[in-house]
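Below is one structure, written out as structure tokens; comments come after it.
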Amino acid sequence: MFQNAKYIKGLTDIKDQPDSRPIVLLLGRSNVGKSSFINSITNRKSLARTSQTPGKTVVLNYYLIDDTFYLVDAPGYGYAKRSKTDQDNFVIMLENILMNASNLKLVCLLIDFKVGPTTLDLETCEFVKSLGHTPIVIATKLDKIPKTKQYKQMKDIKMKFHDKIDIYAISNLEKQGLDDIRIRIMEGF
Ligand SMILES: Nc1nc2c(ncn2[C@@H]2O[C@H](COP(=O)(O)OP(=O)(O)OP(=O)(O)O)[C@@H](O)[C@H]2O)c(=O)[nH]1
Ligand SMILES: [Mg+2]
């Protein structure tokens, strides 16, 4: 499971998708760990670029996993330095994939476990839902919270999502919590 991963291409319009294999979309704020997640879930060191300058990519990056499905790395939202045009294009691109990609099987909303969901995270969650998808939440950087405080933090995060959503806590750094998500992804096909 998740043995082979290869970068295929970046695109802005789903009409340019490589083919109709299932896709799993990763959404989240800049710097939350989307690219790192692709690397850790596929056991790679640097397949997906983890950036020092957040929010630069304004394309949907397609990574083919095991010749079976694509992980799609979306640009980070809430990047203040992005131009108005780029921001508008980002929203159009997101609407397009959420509304029109019939091969979209799962939307993963990445949030920072330590920070918890921001207003923008919660708004994005509602936006995804309003277009007919129920996202799962992947809370990254679990390693930043001491073990004794993780349970309470998880409870707080669940409350902010009104308990209505599946939440997975992971660490890309320590490779924790990844198997449950691999299973969840495979269940969706
Ligand atoms: N401690 C810790 N750091 C992490 C974890 N995941 C990612 N990081 C760090 O967070 C920073 C941002 O990670 P990226 O994977 O580039 O974030 P991104 O969501 O792809 O960012 P954009 O591409 O700008 O949207 C990097 O310095 C990573 O090393 C994690 O689980 N734990
Ligand atoms: Mg990235």
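Any read-out appearing in this document is the output of simple, stated calculations on the displayed coordinates, not a laboratory observation. Bear in mind that the values here come from a model prediction, so they are computed numbers and not experimental data. Please note: Cβ atoms are built from the backbone with ideal geometry, for glycine as well, and neighbour counts cover all protein chains shown.
Values computed for the structure shown
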read-out	value
Number of Lys pairs (Cα under 14 Å; 8 or more positions apart or on different chains) in the range 1-148	10
Contact order normalised by residue count of the chain, Cα under 8 Å, 6+ apart, percent	24
For the chain, built as a Gaussian network whose Cα springs stay under 10 Å, the top-fluctuating residue of Gly76, Gly132, Gly28	Gly132
The range 128-148 versus the range 67-83: alpha-carbon centroid distance in Å	16
The range 84-154: trypsin sites (Lys or Arg not before Pro) in DSSP coil with no more than 15 other Cβ atoms inside 10 Å	Lys114
Cα pair distances of the chain binned at 10 Å [whole percent]	9, 39, 39, 12, 1
Residues with amide H under 5 Å from that of Ala5, placed H, sequence gap 5 or more	Asp66
